[in-house]
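Have a look at the structure below, then the notes.
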């Protein structure tokens, strides 16, 4: 009897149920190695996750709107003994932007960050009065429920009052360089630098996501940016989030 072919689930969401264009090359390479890639909606109760050798977390772009369900799903995969890529503990940690506070405790320069419940945002802003700020949920994506404004101004206070009361938020000073120059995103594979993109917002905006008109172009970062990214990885390792080999 021939052995069962290895199978890997490409986890996605109901709005993007098929393997996406960004992943087709990887899927073809896996097939060439005898690994069967299968697109699976992470919230589909009919998926038998135990039938896969691993689950690759890809386009689950609704996880932040269903965060308790997402954490429960990771718990289920752990109980089943199914490997996740990346490691499930790293996914839990990285999915909540409060990780910035952990990084700040290491040798990583991060934007000064305050964490506040919805009804405490105003108290935090009193210390930033007159400054441009950004407010976003600690668990978010695609600039979901993200606000930009000037602390103390009525327009921002009005927008804050409309935020969901059951979420926790980050309050940060606005970094003008994101709007004027862009935001670096560096990719490391197995701890080694692979490539980078420079994400830029549309003219007059500050959000770099494509759905808001942003762009991402392959660009080689300067040495100082690479060094900063390597320090961040070293801090992750010290925190116990080195990932899987």
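The distance linking the range 1-67 with the range 117-196 is 32 Å (Cα centroid to Cα centroid, whole angstrom).
Among the listed values (i) 19; (ii) 38; (iii) 30, the one computed from these coordinates for percent of Cα pairs over 29 Å apart is (ii).
Efficiency by 1/(1 + (r/R0)^6): what FRET value for residue 101 and residue 238, r their Cβ-Cβ distance, R0 = 22 Å, to the nearest 0.05? According to the calculation, E is roughly 0.90. Which parts of the range 7-44 would a label at residue 66 reach, counting a residue when its backbone N lies under 17 Å from a point 7 Å out along Cα-to-Cβ? Within reach of a label on residue 66, which here means backbone N under 17 Å from a point 7 Å along Cα→Cβ, the range 7-44 contributes 10-19, 39-44.
The label point for residue 92 and the one for residue 217, both projected 7 Å from the Cα toward the Cβ, are 4.1 nm apart. Only bridges whose two residues both fall in the chain count here: according to DSSP, what percent of them are antiparallel, nearest 5? So the antiparallel bridges in the chain amount to around 60 percent.
Taking 0.36 nm per residue of separation and subtracting the current Cα-Cα distance, fully stretching the chain between residue 83 and residue 159 would add 23.2 nm.
Over the chain, DSSP H runs of length four or greater, each weighted -39,500 (n - 2.57), average out per residue to a 222 nm ellipticity of -8500 deg cm²/dmol. FRET efficiency for the residue 180 to residue 31 pair, using the beta carbon distance and R₀ = 41 Å, is estimated at 0.40. Take every pair of alpha-carbon atoms less than 8 Å apart whose residues are at least six positions apart; their mean separation over the length of the range 179-238 yields a relative contact order of 27 percent. Here the contact order of the chain, divided by its residue count and restricted to Cα pairs under 8 Å and six or more residues apart, works out to 14 percent. Extension gain, residue 48-residue 228: 0.36 nm per intervening residue step, less the Cα-Cα distance, totals 60.7 nm.
A short reminder: the numbers here are calculations on the coordinates, not readings from a lab. If you're wondering where the values come from, they're calculated on a predicted model, not measured in any experiment. Methodologically, a virtual Cβ is constructed for each residue, glycine included, from the backbone with ideal geometry; neighbour enumeration extends over all protein chains shown.
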